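A.B. asks: Would you mind keeping the following structure in view while I ask a few things?
Please treat every number below as a calculation from the coordinates, not as lab data. None of the values given here were measured: they were computed from a predicted structure. Every residue, glycine among them, receives a Cβ derived from its backbone with ideal geometry; neighbour counts consider all protein chains shown.
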Amino acid sequence: MKIVIASDHGGYELKEHIKKYLLSQKIEIEDLGTDSADSVDYPIYGIKAAKEVARGSANFGIIICGTGIGISIAANKVKGIRAALCHCVEYAKLSREHNNANMLALGGRFLDKSEALKIVEAFLHTQFAGARHQKRVDIISQFENNGEC
Ligand code: RB5
């Protein structure tokens, strides 16, 4: 499994924590920055990571800003991306089961580090349930492709 990970300054500390954890689990990581706690613009990092996931160079993306809001909005502008902002394990599971989310967005200034790792684990290890959920995800793709649904 390969994961792309990116954050702004508000998510930098949590990104480093998650990265270390995933590497300890022998998961391949591509870190797209940022590389310090200096102020940067979250859309740059959200879009950069989303483009990698959309072109299939990673199984999933993890993106982090202060709240997770800005970076998820930015990532969701990239065609094919379903970025889910998750505050708890249940959201992470449901974002995979129901929405086939391909990016996990987290709020670095609001999440406890150990809770964040549980959320990441739940996200990476839950399968899409398909069936009635497939049809709903397909409606989103159809709108992306044709501007109609
Ligand atoms: C940066 O201060 C902050 O606005 C950003 O990390 C994020 O929370 C935006 O949604």
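A.B. asks: Using the Kirkwood radius over Cα pairs, work out the Stokes-Einstein diffusion coefficient for region 23-71 at 37 °C and 0.692 mPa s, in µm²/s as a whole number. Write down the numbers at each step before the final one.
C.D. replies: Details: Rh = 11.8 Å.
Rounded to a whole number, D works out at 278 µm²/s.
A.B. asks: Considering the dipole of region 47-98 built from charges on the beta carbon (Lys and Arg +1, Asp and Glu -1) around the Cα centre, which of Cys88, Ala58, His98 is farthest to its positive end?
C.D. replies: Ala58
A.B. asks: Across region 45-149, how many lysine pairs, 8 or more positions apart or on different chains, have C-alpha atoms separated by under 26 Å? Please give the number.
C.D. replies: Within region 45-149, the lysine pair count is 17.
A.B. asks: Got the relative contact order for the chain handy, in percent, Cα pairs under 8 Å and 6 or more residues apart?
C.D. replies: So the answer I get is 23 percent.
A.B. asks: Counting only helical runs of four or more DSSP H residues, what would the 222 nm mean residue ellipticity of the chain come to if each run contributes -39,500 (n - 2.57) and the total is spread over all its residues?
C.D. replies: Helix-only estimate at 222 nm: -14000 deg cm²/dmol.
A.B. asks: Using only the alpha-carbon atoms, how far is helix 132-146 inclined from the longest principal axis of the chain? Give it as 0 to 90 degrees, nearest 10.
C.D. replies: With both axes taken from Cα atoms, the answer is about 90 degrees.
A.B. asks: Using amide H atoms built in the peptide plane, which far-off residues or other-chain residues are under 5 Å from Ile64 H to H?
C.D. replies: When sequence neighbours closer than 5 places are left aside, the close amide H contacts are Ala6, Ser7, Asp8, Leu106.
A.B. asks: While we're on this one: Ranked highest first by the average count of other Cβ atoms within 10 Å around their residues, in what order do 18-24, 63-69 fall?
C.D. replies: Ranked from most to least packed, the peptides come out as 63-69, 18-24.
A.B. asks: About the Cα centre, and with charges only on the beta carbon of Lys, Arg (+1) and Asp, Glu (-1), how big is the dipole of the chain? Nearest 20 debye, please.
C.D. replies: Values: 19 positive and 18 negative charges, 93 e Å.
Once rounded to the nearest 20, the dipole reads 440 debye.
A.B. asks: Let me ask something else about it. Springs between alpha-carbon atoms under 10 Å, Gaussian network over the chain: tell me which of Gly56, Gly80, Gly130 tops the mean-square fluctuations.
C.D. replies: With Cα springs under 10 Å in the chain, the top fluctuation among Gly56, Gly80, Gly130 is at Gly56.
A.B. asks: I need the P(r) histogram for the chain: all alpha carbon pairs, bin width 10 Å from 0 out to the longest distance, whole percents.
C.D. replies: Binned Cα distances yield the sequence 13, 45, 34, 8, 1.
A.B. asks: With θ set to phi - 60° and the Karplus curve 6.51 cos²θ - 1.76 cosθ + 1.60, what are the ³J(HN,Hα) couplings of region 90-97 in order, to the nearest whole Hz, using x for Gly and Pro?
C.D. replies: In residue order, the calculated couplings are 4, 4, 4, 4, 5, 5, 7, 4 Hz.
A.B. asks: Taking θ as phi - 60°, what are the ³J(HN,Hα) couplings along region 69-86 by the Karplus curve (6.51, -1.76, 1.60), each to the nearest whole Hz, with x for Gly and Pro?
C.D. replies: 6, x, 5, 6, 4, 4, 4, 6, 7, 8, 4, x, 9, 10, 8, 10, 7, 10
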